[in-house]
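What follows is a single structure, written as C-alpha cells, with notes after it.
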Amino acid sequence: MLKSRWLKAVGVAAAITLASATAAQAAPAPNPAAEGASAVVTLRYDDSRAGGWEAAIAAGVASWNTNVDNVKLVEAAPGTRAEIQIVATSGWPQATLGPVRPGGQVRVELGSQAVAQGHDKTRIAAHEIGHSLGLPDTKPGPCSQLMSGSSAGISCKNALPNAAEQSRVESAYAGGLAPRVPTDGRVLVDAP
C-alpha cells in the first residue's frame with residue numbers, strides 16, 4: 001500500500017513537471033524586440049550655465065521630445081555627466097554637430113548677439129539642439145525649416161522641426177543607437 005502511494009506521488013510529480021516544461025516551451029516569455037518595440041535613446045542636457053535661457057531651453061527640448069520618438073532629452077541631475085552641455089554666451093549661437101551618443105558630449109552655445117538682433121530665443125535653442133542631434137544648417141531656407149536658422153529672418157518664431165528634420169533624427173537614433181561613427185567635432189556657428 002505504501003509503495004502504491006509512493007508510485008502515485010512520483011507519477012503525479014512527473015506529470016506536473018512534464019506539463020510545466022511543455023507549457024514553458026509552448027509560451028515563451030515575451031520579447032519586446034521581437035514585438036517591434038524600439039529602444040529610445042535618452043540624452044541628458046546640462047543647462048546650469050545658461051542663465052536667462054531656461055524657458056527657451058525647456059521649450060526647445062519639449063519641441064524635440066514631442067516631435068521625435070527614438071530619442072528623448074532629459075535634464076541631467078546636478079553633478080552628473082550630460083551629453084549636451086548648454087551655455088549662454090555673448091557671441092552668435094553655435095553648436096557641435098552630432099549626433100551625440102550616450103556617453104559622448106557636445107556643446108551648445110546660446111549667443112545673446114542673435115537675440116540682440118531680434119532672433120527668437122526658443123527657435124535658437126531648438127535649432128542648436130538640432131545640431132546636437134545631427135542636423136546641419138539648411139541655409140538659406142524658409143521659416144518652416146527649423147535648421148534654416150537665422151536665414152529665415154527675425155520675424156520667424158518657428159521652433160518645430162519639419163517632417164524631413166524629424167525623419168533624419170529618427171533615422172540617426174533608429175534601433176536605440178546613434179550611428180557608431182564619432183562626431184567630427186565640427187562647430188556650426190549660426191551667424192548670418
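Observations, loosely collected:
- Failed item in (1) surrounded by 15 or more Cβ atoms within 10 Å (Cβ to Cβ); (2) part of a loop (DSSP other than H, G, I, E, B); (3) at pLDDT below 95, with residue 179 passing the rest: (1)
- Filtered residues of segment 85-104 (kept if at pLDDT below 95 and open to solvent by 40 Å² or more (accessible area, probe 1.4 Å)): 101, 102, 103
- Filter result for residue 118 (under 23 Å from residue 148 (Cβ atoms), assigned to a loop (DSSP other than H, G, I, E, B) and in contact with a Gly (Cβ under 6 Å, 6 or more places away or on another chain)): no
- On inspection, residue 82 qualifies as modelled with pLDDT of 95 or more, under 40 Å from the mean Cα position of the chain (by Cα) and either over 25 Å from residue 112 (Cβ atoms) or outside any strand (DSSP E or B) (or both).
- Out of 136, 102, sole residue that is part of a loop (DSSP other than H, G, I, E, B), farther than 25 Å from residue 52 by Cα and in contact with an Asp or Glu (Cβ under 7 Å, 6 or more places away or on another chain): 102
- Among the candidates 82, 77, residue that is among the hydrophobic types (A, V, I, L, M, F, W, C), open to solvent by 30 Å² or more (accessible area, probe 1.4 Å) and under 13 Å from residue 44 (Cβ atoms): 77
The values are calculated or read from the model by the stated rules, or taken from the named source; none is laboratory data. Note that this is a predicted model, so its numbers are computed, not measured. Here Cβ is always computed from backbone atoms with ideal geometry, including for glycine, and neighbour counts include all displayed protein chains. For accessibility, only protein heavy atoms count, side chains too; no ligands or nucleic acids. Shrake-Rupley method; radii C 1.70, N 1.55, O 1.52, S 1.80 Å.
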